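Encoded as C-alpha cells, the structure appears first; notes follow it.
Each value in this text was obtained by applying a stated rule to the coordinates, not by laboratory testing. Because the structure is a prediction, the values reported are computed rather than measured. Glycine gets a Cβ as well: all are built from the backbone with ideal geometry, and neighbour counts include every protein chain shown.
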Amino acid sequence: MSLTTSSCKCVTILLLLSGVLGVKDWKVTYEKPHICALKGSSVTIPCSYQYPRGHRVNETFWINKRETNKDPEDLKQDQHYHDRVTYLGDKSEDCTFRIENVEERDSATYWFRLVTDQVGGKWIGEPGVTLSVTALQVEKSQPSATSQATLTCKNTCFPKVHNDYVWFRDGKYVLNQYDNVLVPEENGMYSCALRRSENVQSAPVKVSMEYSPKNTSVSVSPSGEILEGSSVTLTCNNKANPPVYRYTWFKNGAEISQSGSQKNYYTITNIRSEDSGKYRCVARNTHGTGTSKLYSVDVQLYTVNVLFFKSKKGRKHTHCYIHIYSFSRRFSPKRHTSLRKYNVYITLGKRDIAADVILK
C-alpha cells in the first residue's frame, strides 16, 4: 500500500534518501478499505503499521481532512468527534481506531497519521479507509386509505439481508416478524432495525388504514348481578378508523336511543324488571357499520327472606315452627297481614337489612 508525505518538500527528501529510507520501510495496512455502517452504530477500523528502524514513534492519530502546507488535525481535537473517537492502537504496530454513534455526515475518507522523532518522519497511510454511513429506512406502499399497507425496511449497507430484522410498533416489538417486509395489522408508528442491533432503528413511519367498525361488542358496568333499583351503563366497544360518528341502541329489536347519538354508551337509572331484555348496538363511520352480538340484561329482584316464630305473652319465647316467605324489594309489612303478631327477622342476600322487626 502506497504512502505519501504531508508536503511536496518531504516527497523530494524521500526520493533523495530512498536508498536509506525506502518506501518499503513504511507501511500502513487497512484491513477494510471500504466500510459501510448504519447511522447510530459504532465502527471499528482495524489497522496495523510499520516504520524504519532507528525511529521512535512520538504521535499516532487519525485524520479525515488534508490541506496543503498545513499539518492535519487529530480528530480528537475536532469538536464534532472529540467525545466519539478512540485510538485503540499503540506506538509500535497497532493503529486500530473506533468511532461511536456514527452520523451520516461522518461519511468520509479516514487516514492514519504517524509522526516519529526523525526529520521527515511524518507519514500518512494511503489510500485510507472510506466510511459510508447510511440510515435504515422504512418504505411504505399503500394504494389507498382503505387498502392494506406494506412496509419494507431498506438497508443499503447490507442489501442481501432479508430475514434478520426486527420491527417495532409505537416503540414495542412486533412479535415473530423478522423479514425486511411487513404487512401491519394495526395502525401506529412503525420502525425497523437489524437483529442484535435493536438500538439502531430507522425513523418511524406512520401507518393509518381506514376501515369500518370492527370487533363491535357490548359490555356492562358495573359487572355482576344487575339488581332492581340500581343504575347500569351499557358500552358499545369497537375499533374504527375514522372514529364512529353515530351509535344506535336496540332492545328486543326496537330502537331505544336518540337518533344520531354520538355517545357510545346507554345508561339506565333505577333499573326495573321491565328493563330486562336483549340489547345490541350499531356503530357507524364513513366506511360502514359494525353490529354487536345480542347482550342479555336480566334484572334481579331483591329477595327478602322472612323467618318468623310464634310467642306467648308473659313467657319466654317458645319455638313453635319456622317458615320462610320470599318477597320482592317492595315488601311492605302492612300488605302482608298474615304475618302480624309474629317476630320477624329479615335478610337481604347475605347482608342483614333489618332484625327483630315486630309486625303489629
**Request:** Given a cut-off of 18 Å, name the pairs among 214/293; 27/122; 70/122; 214/278; 27/91; 172/206 whose C-alpha atoms lie farther apart than that in the structure shown.
**Result:** 214/278
**Fill in**
Lys and Arg at +1, Asp and Glu at -1: neighbours of residue 213 with Cβ under 12 Å from its Cβ sum to +3
**Prompt:** So if R0 is 30 Å, what FRET efficiency would residue 69 and residue 42 give, r being the distance between their Cβ atoms, rounded to the nearest 0.05?
**Reply:** 0.30
**Prompt:** Cα centroids of the range 242-298 and the range 65-82: how far apart, whole angstrom?
**Reply:** 72 Å
**Prompt:** In which sequence would 268, 256 go, from the one with the fewest C-beta neighbours within 10 Å to the one with the most?
**Reply:** 256, 268
**Request:** Treat every Asp and Glu Cβ in the range 58-183 as -1 and every Lys and Arg Cβ as +1, leave all other atoms uncharged, and give the resulting dipole magnitude about the Cα centre to the nearest 20 debye.
**Result:** 480 debye
**Complete:** In whole µm²/s, the translational diffusion coefficient that Stokes-Einstein assigns to the range 211-300, given a Kirkwood hydrodynamic radius over C-alpha pairs, 10 °C and 1.306 mPa s, equals 120 µm²/s
**Request:** Compute the FRET efficiency between residue 186 and residue 119 as 1/(1 + (r/R0)^6), taking r as their Cβ-Cβ distance and R0 = 45 Å, and round to the nearest 0.05.
**Result:** 0.05
**Cβ-Cβ FRET estimate between residue 108 and residue 176, R0 fixed at 35 Å, reported to 0.05** = 0.35
**Asked** How do the peptides 107-113, 32-38 rank, highest first, by the average count of neighbouring beta carbon atoms within 10 Å per residue?
**Response** 107-113, 32-38
**Asked** Looking only at the range 100-130, which residues have a backbone nitrogen under 16 Å from a spot 7 Å from the Cα of residue 91 in the C-beta direction?
**Response** 113-119, 121-123
